[in-house]
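Below is one structure, written out as structure tokens; comments come after it.
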Amino acid sequence: MRHIYSQSLSSEEATLIHKLTREIMNKEGLGHVKLRFKPKVWQTVFVTKGTMNRRTREIVSIGDQHIQLGGIMLTGSNFPNAIYYISIYDPEYRLRRIKRPREIMLADIVASTILEEIAHGVVFNRIAIPRRRRPKPHQREFQDVFILLWKEYFLTLKFRLMEIYGSNGISGDDAL
């Protein structure tokens with residue numbers, strides 16, 4: 001489903017998104033992880049390749065790691081069924097899911113999605129590699145890291161992305 005404020009991205013806007021994402025990745029120790037934009041793809045994911053022992057479920061070797069940002073999601077031509085969101089007014093930083101975020105500002109959706117994929121990378125590199133086990137997606141480890149990233153980067157990232165997407169739509173706080 002198309003977001004009501006979908007748009008095309010210029011090369012300068014795509015470069016800014018890449019730069020902002022890369023800055024956060026570098027600060028979080030993911031400088032070695034590649035960042036890829038796929039223009040005609042919706043899927044935004046953290047991918048790691050390697051080998052795992054099927055019997056013990058232990059990570060044996062780690063290969064290529066990258067975060068893929070889908071161009072279709074970045075333009076709002078399609079958007080996720082739900083996003084993770086933490087109210088800026090919640091002193092306890094409770095993580096919530098907003099389903100069908102169509103009315104929410106594209107800047108909120110993109111910022112949340114970028115932080116989600118970076119959180120997957122951080123969990124894998126800081127927790128899975130030392131413990132030699134693959135983490136389950138969206139479990140407690142992921143949620144804890146996502147909350148920390150949200151506290152540190154969300155507002156700055158959102159306002160920088162509003163330079164690209166504008167302020168059309170409602171804030172994620174209004175959708176909770």
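The values are calculated or read from the model by the stated rules, or taken from the named source; none is laboratory data. Quick caveat: nothing in here was measured; it's all calculated off a predicted structure. All Cβ positions, glycine included, derive from the backbone under ideal geometry; neighbour counts span all protein chains shown.
Residue-by-condition table, conditions (1) in contact (Cβ under 8 Å) with a residue 40 or more places away in the chain; (2) buried (at least 23 other Cβ atoms within 10 Å of the Cβ); (3) among the charged types (D, E, K, R); (4) at positive phi:
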| site | (1), (2), (3), (4) |
| --- | --- |
| Gln65 | yes, no, no, no |
| Ile86 | yes, no, no, no |
| Tyr89 | yes, no, no, no |
| Arg94 | no, no, yes, no |
| Ile104 | yes, yes, no, no |
| Asp108 | yes, yes, yes, no |
| Ile114 | yes, yes, no, no |
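Take Ile114 and decide whether it is closer than 12 Å to Phe46 by Cβ, modelled with pLDDT of 95 or more and part of a helix (DSSP H, G or I).
So Ile114 passes the test.
Got at least one residue in region 33-50 being among the polar types (S, T, N, Q), touching an Asp or Glu at 6+ places or on another chain (Cβ under 7 Å) and in contact (Cβ under 8 Å) with a residue 60 or more places away in the chain?
Checking region 33-50: at least one residue is among the polar types (S, T, N, Q), touching an Asp or Glu at 6+ places or on another chain (Cβ under 7 Å) and in contact (Cβ under 8 Å) with a residue 60 or more places away in the chain.
Check whether at least one residue in region 13-20 is farther than 30 Å from Arg131 by Cα, assigned to a loop (DSSP other than H, G, I, E, B) and modelled with pLDDT of 85 or more, and report yes or no.
Scanning region 13-20 turns up no residue that is farther than 30 Å from Arg131 by Cα, assigned to a loop (DSSP other than H, G, I, E, B) and modelled with pLDDT of 85 or more.
So the check is Cβ under 6 Å with 6+ separation or different chains; which pairs have a first residue in region 150-170 that's under 13 Å from Leu16 (Cβ atoms) and in contact (Cβ under 8 Å) with a residue 24 or more places away in the chain and a second one that's of a type in the set (Val, Ile, Thr) and surrounded by 14 or more Cβ atoms within 10 Å (Cβ to Cβ)?
Leu161/Val110
Within region 45-55, is even one residue modelled with pLDDT under 90, under 28 Å from Pro135 (Cα atoms) and assigned to a loop (DSSP other than H, G, I, E, B)?
Within region 45-55, one or more residues are modelled with pLDDT under 90, under 28 Å from Pro135 (Cα atoms) and assigned to a loop (DSSP other than H, G, I, E, B).
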